[in-house]
1. Assuming 0.36 nm per residue, please report the length gained on full extension of the stretch Asp103 to Ile239 beyond their Cα-Cα distance.
2. If you only keep lysine pairs separated by 8 or more in sequence, or across chains, how many in region 31-226 come under 13 Å at the Cα atoms?
3. For the pair Ser89/Val31, report the inter-label distance in nm, with labels modelled 7 Å from Cα in the Cβ direction.
4. Calculate how many DSSP beta bridges within region 31-226 are antiparallel, expressed in % of all such bridges and rounded to the nearest 5.
5. Hey, fewest Cβ within 10 Å first, where do Val176, Val34 land in order?
6. Using square roots of five times the C-alpha gyration tensor eigenvalues, list the equivalent-ellipsoid semi-axes of region 31-226 in whole Å, biggest first.
Amino acid sequence: MKQKCTCSLFIMVLTFISIADAASDAANKGVYKVVNSTTKEPCIIFQADIYLYLTYHTSDSEKDVIVHVPTSSTADTGVSSCNVTITTSGMSVESQLLRVNLDHMNGWTIDFAFTKDNRFKTEKEKQFALYQVNITANFASDPTAFPDFKYPTQQYYLHVDPNDLSDIGGSIFASVGHSYYCPSEQKYAINDNDNDKYGPMAYIKFKLTTIQAFMEDTDSFGPKETCPTDQSTLDLVPIIVGSALAGLIVLTLVVYLIYRSFLPEEVLNLVNPEAHFDSDTASNDEIDKTSSIERF
């Protein structure tokens, strides 16, 4: 009984930890939705904690800054779209677009464009991919945080080339009807070559990420397609939990046996009288046996 209670308590603790972690994760990531104006259902749901690593020009040099996208940021309903054609690198791409307006950071936006276009290796349009990320940074909105900026506003563009997919385009994708799931940190280059055409160097980091585009008739995520980084980690979870439970059971049994070995015989008789002989009864039995032998 004691062993069963201990195991139940351990499972309850694990459950509590899981719930606490889930609540903490929910509080530490932004949730952005693009809603179809006709069906009133979302076509894009994007959940992630996002960091921007940006280089900007100063009057005589460059400066690197890290910008955390506030989790209270919102989707721009005026620009975001479930059906838009984006022209980039001389191509017209049928897309879905999410624009995030950074909360309390006037003029700061991030555009995320998704497509099923098979030019982006989407397996006969049965998959969606995040193929473009563009950032508008309004450094003039906070001169204290971004001192000595040369240009008040800076654009950062992810170069799009279907023949040479970016790290983002080759990593963030999933089957239509499924969601891309990647809780671990993932950092991608938006522009890792400092040039005037695509802006200064810029990177974006995601964590606690779940993304689904081209959704239909649902307001919740489909089955998860886990990113490679987290697949091995997730596979270890049942092994770790099972091993912990097995170890706890063995430990409980050992402690019980040690405890039992120190109990006096009188207590053991009270616990299970059928398993032990009373000393007086045993003595009488010995006398009876001796008498029987002598009579024989």
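1. Numbers: separation 136, 0.36 × 136 = 48.96 nm, distance 4.14 nm.
Answer, rounded to one decimal: 44.8 nm.
2. Values: Lys63/Lys150; Lys116/Lys124; Lys116/Lys126; Lys187/Lys205; Lys187/Lys207.
Number of lysine pairs found: 5.
3. 3.4 nm
4. Values: 61 of 64 bridges.
If we restrict to bridges inside region 31-226, about 95 percent are antiparallel.
5. On the way: Val176 17, Val34 24.
Ascending Cβ contact count within 10 Å gives the list Val176, Val34.
6. Details: eigenvalues 160, 68, 45 Å².
Ellipsoid half-lengths, sorted descending, are 28, 18, 15 Å.
FYI, it's all coordinate maths here, none of it is from the lab. In this text the structure is predicted, and so the values were computed from the model without any measurement. Backbone-built Cβ (ideal geometry, glycine too); neighbour counts: all protein chains shown.
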